[in-house]
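Visitor: Before anything else, here's the structure in question.
The values are calculated or read from the model by the stated rules, or taken from the named source; none is laboratory data. Nothing here was measured: the structure is a model prediction, and the numbers come from that model. Positions of Cβ are backbone-derived with ideal geometry, glycine not excepted, and every protein chain shown enters the neighbour counts. Heavy atoms of the whole protein, side chains included, go into the accessibility calculation; ligands, DNA and RNA do not. Shrake-Rupley method; radii C 1.70, N 1.55, O 1.52, S 1.80 Å.
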Amino acid sequence: MGFRITTWNVNGIRNPFGYQPWRENRTFKAMFDILEADIVIMQETKIQRKDLQDDMVLVPGWDVYFSLPQHKKGYSGVAIYTKNATCAPIRAEEGVLGVLCPPKSSTAYRDLPKDQQIGGYPALSQLAGNIDEALLDSEGRCVILEFPAFVLFGVYSPANRDESRMEFRQSFVEALDTRIRNLIAAGKQVILTGDLNIIRSEMDSSNIAEGLRKEGMTMDEWQSMPTRRILNQLLFEGTLIGERDRDRQQPVLWDLCRCFHPTRMGMHTCWDTKRNTRPANVGSRIDYILCSDGIKDWFVDSNIQEGLMGSDHCPVYATMRDTVSWDGKEVTLAEVMNPASMFRAGERVRSWEQRDALAFLADILLAGNNIGDGRIVDAS
């Protein structure tokens with residue numbers, strides 16, 4: 001059926017197991033089988049390092065990469081699970097800016113040797129405002145995996161809760177935008193996934209016009225709010241009021257759900273559970289899978305899975321074809337989703353081995369928690 005990437009804000013990593021169909025067999029492997037995914041990106045895992053359990057980490061046939069908040073309990077958190085029968089990253093990092101350090105290292109990602117970096121790190125001159133780099137990457141909001149084919153971002157962007165967080169939220173989105181643009185300018189393809197906590201345009205939410213009338217705000221003013229403006233400049237076919245920003249002269253990502261469903265209304269991914277708005281589908285689309293132009297044609301489908309319960313969000317997926325164009329020739333997707341020499345002409349020629357392990361991720365899987373060995377990125 002093709003290679004599938006699924007992103008889902010689970011609102012607590014065990015939260016889905018209280019709902020059908022997940023509670024019949026409360027294992028992550030069973031969940032991933034139902035999702036029919038090869039990569040699963042979760043947001044709002046809401047766990048700390050000490051709370052990680054064997055069943056979350058040692059999922060048969062899967063590897064996992066966590067970014068956990070350093071200070072707040074039961075808050076934020078991102079995890080990317082990769083199915084090792086179909087894909088294996090060649091590099092992994094956490095955080096947007098590259099200021100954090102790999103496990104058991106005092107060298108920041110952006111200061112590693114070039115051949116160990118994912119790259120694209122924003123320079124301070126590219127960022128507006130007085131940004132606290134360490135604070136920005138301290139909340140467990142981003143995991144980045146690099147495959148030969150592309151760089152995958154799993155992101156949980158800050159919500160617009162109150163004015164005290166507005167500067168942090170805008171700084172995070174600006175840094176993310178800059179990192180992505182830098183990577184694409186360097187010749188890499190990018191896929192951005194996750195809960196961006198931004199409604200792209202009027203058609204992506206319920207009753208926007210009515211709400212704006214009550215607040216005395218025009219649609220143009222709403223569309224031009226800072227983070228929404230950044231997102232729409234990042235996107236091909238984005239809705240933009242006025243001239244483009246100086247450092248955002250070109251769009252670089254496609255909104256895959258909109259590529260396949262350009263005019264669909266009610267394509268919501270998040271609902272208000274306190275007001276029980278999901279049955280009436282009064283919600284918003286704030287969860288995305290976006291890709292750079294060079295790999296847009298690799299995708300054959302993208303959609304929401306609003307019928308799958310388990311959170312105040314629903315899963316969003318995108319499916320890639322089995323054979324793709326790469327460096328001017330047709331190759332199987334498996335050849336560019338795994339380390340070199342693991343696949344040839346679509347056939348596996350060797351299994352994953354310890355020599356394929358990411359150097360700064362091997363053997364650090366929470367030894368203090370007696371969970372064994374494996375691979376994890378961890379901010380704590």
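Visitor: Output ³J(HN,Hα) for the range 56-69: one whole-Hz value per residue in order, computed from phi by the Karplus curve 6.51 cos²θ - 1.76 cosθ + 1.60 with θ = phi - 60°, and x for Gly and Pro.
Guide: The phi angles translate into 6, 9, 9, 7, x, x, 10, 10, 9, 10, 9, 10, 10, x Hz.
Visitor: Please list, or write none, the lysines whose alpha carbon is within less than 17 Å of the alpha carbon of Lys73, excluding same-chain residues fewer than 8 places away.
Guide: Lys46, Lys50
Visitor: Then there is this: Run the accessible area of the chain with a 1.4 Å probe and give the carbon-and-sulfur part as a rounded percent.
Guide: That share works out to 47 percent.
Visitor: When only Cα pairs under 8 Å and 6 or more residues apart are kept, what is the percent relative contact order across the chain?
Guide: About 21 percent, as a whole number.
Visitor: Which one of Leu234, Ile180, Gln250 is farthest out on the positive end of the charge dipole of the range 168-256, using unit charges on Cβ (Lys, Arg +1; Asp, Glu -1) and the Cα centre as origin?
Guide: About the Cα centre, the residue reaching furthest to the positive side is Ile180.
Visitor: With N set to the number of residues, divide the alpha-carbon radius of gyration of the range 65-171 by 2.2 N^0.38 Å and report two decimals.
Guide: 1.11
Visitor: Just the number please: accessible area per residue for the range 96-171, 1.4 Å probe, all protein chains included, in Å².
Guide: Per-residue value: 44 Å².
Visitor: Counting only GluC sites (Glu not before Pro) that sit in a DSSP loop (anything but H, G, I, E, B) with at most 10 other Cβ atoms within 10 Å, what is the longest stretch of the chain containing none of them?
Guide: The reported range is 1-242.
Visitor: Specify the longest stretch of the chain that does not include any exposed loop site, a site being one of the trypsin sites (Lys or Arg not before Pro) with a non-H, G, I, E, B DSSP assignment and at most 12 other Cβ atoms within 10 Å.
Guide: Answer - 162-245.
Visitor: Can you give the Kirkwood hydrodynamic radius of the range 1-83 from its Cα pairs, in Å with one decimal?
Guide: 13.0
Visitor: Taking the alpha-carbon set of the range 226-282, what are its Rg and Dmax in Å?
Guide: Computed over the Cα atoms of the range 226-282, radius of gyration and Dmax are 14.8, 43 Å.
Visitor: Under 13 Å from a point 7 Å along the Cα-to-Cβ line of Ala186: which residues of the range 112-133 have their amide N that close?
Guide: Counting backbone N atoms under 13 Å from the label point, the list is 112-123.
Visitor: Which whole-number percent of Cα pairs in the range 183-329 have a distance greater than 27 Å?
Guide: 27
Visitor: Quick one: Debye curve from the C-alpha atoms of the range 126-266, no solvent, what's log10 I(q)/I(0) at q = 0.13, 0.15, 0.17, 0.19 Å⁻¹?
Guide: Each listed q corresponds, in turn, to -0.62, -0.83, -1.08, -1.34.
Visitor: Average the reciprocal distances over every distinct pair of alpha-carbons in the chain, invert the result, and give the Kirkwood radius in Å.
Guide: 21.1
Visitor: Please work out, to two decimal places, the log10 of the ratio I(q)/I(0) at q = 0.13, 0.14, 0.17, 0.22 Å⁻¹ from a Debye calculation in which every Cα of the range 119-183 carries one identical scatterer.
Guide: -0.37, -0.42, -0.62, -0.99
Visitor: Hey, for a label at Lys274 modelled as a point 7 Å past Cα toward Cβ, could you say which residues of the range 196-215 have their backbone N under 20 Å away?
Guide: Counting only backbone N, you get 197-199, 206-208, 211-212, 214-215.
Visitor: Between the range 282-302 and the range 1-72, what's the alpha-carbon centroid distance in Å?
Guide: 21
Visitor: Which three extents, in whole angstrom, do the alpha-carbon atoms of the range 185-255 cover along their principal axes, largest first?
Guide: Projected onto its principal axes, the Cα set of the range 185-255 covers 46, 26, 16 Å.
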